[in-house]
Amino acid sequence: MKILTLGNLNLAVADCGQGTPLVLVHGFPLDHSMWHAQLDVLSAQYCVIAPDLRGFGRSGPIDGTAPDATTTMRQFADDLAAMLDALQIDEPVVLAGLSMGGYIALAFQKAYADRLKALILMDTRSSADAPEVAAGRLTTAETILAEGPGSLPENMLPKLLSKATQQEHPHVGEALGNVMLRTSPQGIAAALRGMAQRPDATTQLGAITCPTLVVVGEEDAVSPPEEMQQIAAAIPDARLVVIPSAGHMSPAENPAAVNAALLEFLGNL
Ligand code: MLT
């Protein structure tokens, strides 16, 4: 991994391969490693760039600098733009984001549409949080700051993974749980507060002009296929692919089907 210094932030970035740049933005509360099955396969044909977002994985404030209290989706998007500048990538990129990564991809699209060649929205939502969901995130942020991330795997994994993944591929949940346990409480709390205040992006969908792929696990209980279908229908040049035998973490649960969908989309750009 490379460590890029962007102002007061050290951003850790996995980048491999050559060709059209493909940026993979992870979900909450994870890091670039959720994409390992995509990094391996897609880097044979593309320049794949998978950062650890601010406050996650190995990315965080440089020593002596205070951690963020709140990280907005726009701040994460600005970090991606600064990352591309630091990597000297000025050609338009394909940007893929899963769940929170999708919220960030929509924030990037709003601010930097001219830097996008195509968009891939995976297991995500365009709507803002309902007030009770936003309030719950603020409470969770306080709990994580007080107690650490120890409760996250048990609370989150049953919602993130399909029943089949939980029963037949337990290593997927173990790997994701281990990342959660290593994540900084400050990074988690800042992202929770940022997600709680993210704007509704639904009205933005009709103005997306780049080719867009919408991907959802058929058993995604967090951002269900019906909701992703509505997102795809609202974007002028979008198509939807439903991934079998997968929940919310489709790239880790059924990597073969996700890689095939991504390669077909990328090949047609
Ligand atoms: C994620 O996977 O990034 C989360 O489910 C996003 C969220 O909490 O809304």
Provide, for q = 0.20, 0.22 Å⁻¹, the log10 of I(q)/I(0) from a solvent-free Debye sum over equal Cα point scatterers in the range 1-132.
-1.20, -1.45
At 222 nm, what value in deg cm²/dmol follows for the chain if DSSP H runs of at least 4 each add -39500 (n - 2.57) and the sum is divided by all its residues, to the nearest 500?
-13000 deg cm²/dmol
D40 and H169 label points (each 7 Å along its Cα→Cβ direction) are spaced in nm at 1.1 nm
Can you give the extra length, in nm with one decimal, that the chain gains between T143 and L181 once fully stretched, where that is 0.36 nm per residue apart less the Cα-Cα distance?
12.3 nm
Say R0 is 35 Å: what FRET efficiency, to the nearest 0.05, do A207 and A86 get from their beta-carbon distance?
0.80
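Tell me, what is the Rg over Rh of the chain, with Rh the Kirkwood radius over Cα pairs?
Values: Rg = 17.0 Å, Rh = 18.3 Å.
Rounded to two decimals, Rg/Rh equals 0.93.
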Kyte-Doolittle mean at least 0.5 and Cα axial length at least 15 Å: DSSP H helices in the chain
100-112, 185-196, 255-267
Just to confirm my numbers, what's the Cα centroid distance between the range 136-201 and the range 238-259 in Å?
20 Å
Burial-style ranking of 26-36, 71-81, 135-145, average other-beta-carbon count within 10 Å with highest first, yields 26-36, 71-81, 135-145
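Using a 10 Å cut-off on Cβ atoms, rank the peptides 119-129, 104-114 from the highest mean neighbour count down.
Per-residue Cβ counts within 10 Å, averaged per peptide and sorted highest first, yield 119-129, 104-114.
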Just the number, please: percent antiparallel of the DSSP beta bridges in the chain, rounded to the nearest 5.
30 percent
Run the quick spin-label model on T5 and A130: label points 7 Å from Cα toward the beta carbon, then report their separation in nm to one decimal.
4.7 nm
Counting only heavy atoms of protein chains, what accessible area per residue, in Å², does the chain have with a probe of 1.4 Å?
41 Å²
Amide hydrogen neighbours beyond the local backbone of I243, cut-off 5 Å, H modeled:
V216, G217, E218
Over the chain, with every protein chain in place, what whole percent of the accessible area is carbon and sulfur at 1.4 Å, could you tell me?
51 percent
Candidate aspartates and glutamates - alpha carbon under 12 Å from K117, same-chain residues fewer than 8 apart omitted
D90, E91
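The values are calculated or read from the model by the stated rules, or taken from the named source; none is laboratory data. Since the model is a prediction, treat every value here as computed from it, not as a measurement. Every residue, glycine as well, gets a Cβ built from its backbone with ideal geometry; the counts of neighbours run over all protein chains shown. We work out accessible area using only protein heavy atoms, side chains counted, and drop any ligands, DNA or RNA first. Shrake-Rupley method; radii C 1.70, N 1.55, O 1.52, S 1.80 Å.
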